[in-house]
């Protein structure tokens, strides 16, 4: 039996920001896209071209593939399904939408690995015969950070469902999506509006009212003294406030004590001088610090400032910090006490995980790039295809969502730890990665490739995050803000 110590948490929305400067919409959205707090991270970047690239890379997959993806029996194959049951569905084809923010001029190619993954999976599926004999056709949409609403409005008149997409500012598209009844199985959700939205099931749930605390449990075991003197650093952006409030509202269950007078906020575009933040953390006695935002350049600049002040606490962060670029930056060793949560098998462990290796092989054969977000989009495609296959000829988005609401044990064939997409609740498993020099290594559990699991790791956020009230959640935890409906 695990014992926990609970304390009331400070509320970040009540802290006064250290900076009252105004920030531009472009700067704010660039930071949101970079952090992708939903669970993933980006890898190498490159331009994505073409308005309708749904079958790009198909020529790279010319023969029938394996009849499974990792541990998951393939939902793709020959069949006799027929009927024009809904927009985007004919006797012979199923047209889905997918996309990313690759056209954002501030970071060309951003998160393009998600689209690369969906294109490759479409080709992989069609090489087996499609879904029940219907070929899958993909239409690509580039939200370019600020144009998510335009992308969804276009998709509303063209596709059956959205699958595997990742738009950082997806909340701005919710009125259009819900208004036209466009169902989705996204790769990730970037805002609470979409994370709790109707007509949506996602493979890696990121709700605002539940959080996984495996990282907290591991840190509490290793640093029992330090967790009693914890602090948070976050920006004034709503997404970082939500994520920080989830940590504050759940990590106390593992014995964390957050110092109420120690929380620090930073300007969304960063600070010209990070030493005042580091000095405040040091002077108030914070020995463990949660940072919400981006590794580069914000966290890197804070680490530089902390080093100048001879301040070296334990730092803990989200999955989006697990990037090759951040590890490469750490030649000084300033990040060697940084611990990031993870629910995916790291790509570096593909040698011991067939699903991860299969994802890499499929995407590279199709000429794409790989990343954790790409793996997340792959899981979304497989989840959608599983529901679509079960619907047979009677293929409607209602049927697909009904099927997926019954899925409560999902790993994407072994790409990640067990999740509960049907209930929109995260899983009770995880691992923690630690920066050592210029690489990430698995720190907890110690055995490579293993996840630590406990049902008690799934904790309800208490008190609720600030943004919850605006979502108007119904009894089923589905947002009614943009018109409502079932998830």
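I'd like to check something: does the range 218-237 contain any residue that is farther than 29 Å from residue 445 by Cα and either surrounded by fewer than 24 Cβ atoms within 10 Å (Cβ to Cβ) or without any contact (Cβ under 8 Å) to a residue 12 or more places away in the chain (or both)?
Applying the first criterion (farther than 29 Å from residue 445 by Cα) to the range 218-237 yields 235-237.
The next check asks that each one be either surrounded by fewer than 24 Cβ atoms within 10 Å (Cβ to Cβ) or without any contact (Cβ under 8 Å) to a residue 12 or more places away in the chain (or both); those that pass are 236-237.
The answer is yes; a qualifying residue exists.
Kindly indicate whether residue 173 is under 20 Å from residue 237 (Cα atoms), more than 18 Å from the chain's Cα centre (by Cα), touching a residue at least 12 places away in the same chain (Cβ under 8 Å) and in a helix (DSSP H, G or I). Give the steps one after another, and end with the answer.
Values: under 20 Å from residue 237 (Cα atoms): yes; more than 18 Å from the chain's Cα centre (by Cα): no; touching a residue at least 12 places away in the same chain (Cβ under 8 Å): yes; in a helix (DSSP H, G or I): yes.
Criteria not met by residue 173.
Each row is one residue, and each column tells you yes or no for (1) surrounded by fewer than 24 Cβ atoms within 10 Å (Cβ to Cβ); (2) modelled with pLDDT of 95 or more; (3) within 30 Å of residue 333 (Cα to Cα); (4) in contact with a helix residue (DSSP H, G or I) (Cβ under 9 Å, 6 or more places away or on another chain).
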{"site": "384", "(1), (2), (3), (4)": "no, yes, no, yes"}
{"site": "408", "(1), (2), (3), (4)": "yes, yes, no, yes"}
{"site": "430", "(1), (2), (3), (4)": "no, yes, yes, yes"}
{"site": "434", "(1), (2), (3), (4)": "yes, yes, yes, no"}
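Residue 325 is checked against (1) surrounded by fewer than 24 Cβ atoms within 10 Å (Cβ to Cβ); (2) outside the structural domain of residue 187 (by TED's automatic domain parsing); (3) in contact (Cβ under 8 Å) with a residue 60 or more places away in the chain and fails just one. What number does that condition carry?
(3)
Quick one: residue 182 ticks every box in (1) surrounded by 24 or more Cβ atoms within 10 Å (Cβ to Cβ); (2) part of a loop (DSSP other than H, G, I, E, B); (3) under 18 Å from the mean Cα position of the chain (by Cα) except a single one, so which number is it?
For residue 182, the exception is condition (3).
Let's see how each residue does on (1) in contact with a strand residue (DSSP E or B) (Cβ under 8 Å, 6 or more places away or on another chain); (2) assigned by TED's automatic domain parsing to the domain that holds residue 77:
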position: 368; (1), (2): no, yes
position: 375; (1), (2): yes, yes
position: 383; (1), (2): yes, yes
position: 390; (1), (2): no, yes
position: 410; (1), (2): yes, yes
position: 432; (1), (2): yes, no
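Among residues belonging to the range 271-287 that are in contact with a helix residue (DSSP H, G or I) (Cβ under 9 Å, 6 or more places away or on another chain) and not in a helix (DSSP H, G or I), point out the one that is surrounded by the fewest Cβ atoms within 10 Å (Cβ to Cβ).
Going residue by residue through the range 271-287, those that are in contact with a helix residue (DSSP H, G or I) (Cβ under 9 Å, 6 or more places away or on another chain) are 271, 273-279, 281-282, 284-287.
Now drop any that are not not in a helix (DSSP H, G or I), which leaves 271, 273-274, 284-287.
On the way: 271: 17, 273: 9, 274: 24, 284: 15, 285: 12, 286: 25, 287: 18.
Among those residues, the one meeting the criterion is 273.
Looking only at the range 442-479, which residues are surrounded by 14 or more Cβ atoms within 10 Å (Cβ to Cβ) and free of Cβ contacts under 8 Å to residues at least 12 places away in the same chain?
474
For the range 288-303, give me each residue that is surrounded by fewer than 22 Cβ atoms within 10 Å (Cβ to Cβ), touching a helix residue (DSSP H, G or I) at 6+ places or on another chain (Cβ under 8 Å) and modelled with pLDDT of 95 or more.
Within the range 288-303, the first condition is being surrounded by fewer than 22 Cβ atoms within 10 Å (Cβ to Cβ), and the residues that meet it are 296-297, 300-301.
Going one step further and asking which of them are touching a helix residue (DSSP H, G or I) at 6+ places or on another chain (Cβ under 8 Å), we end up with 296, 300.
Result: 300, single match.
The values are calculated or read from the model by the stated rules, or taken from the named source; none is laboratory data. Everything numeric in this text was worked out from a predicted model, so none of it was measured. Quick reminder, even Gly has a Cβ in these numbers, built from the backbone with ideal geometry, and neighbours come from all protein chains shown.
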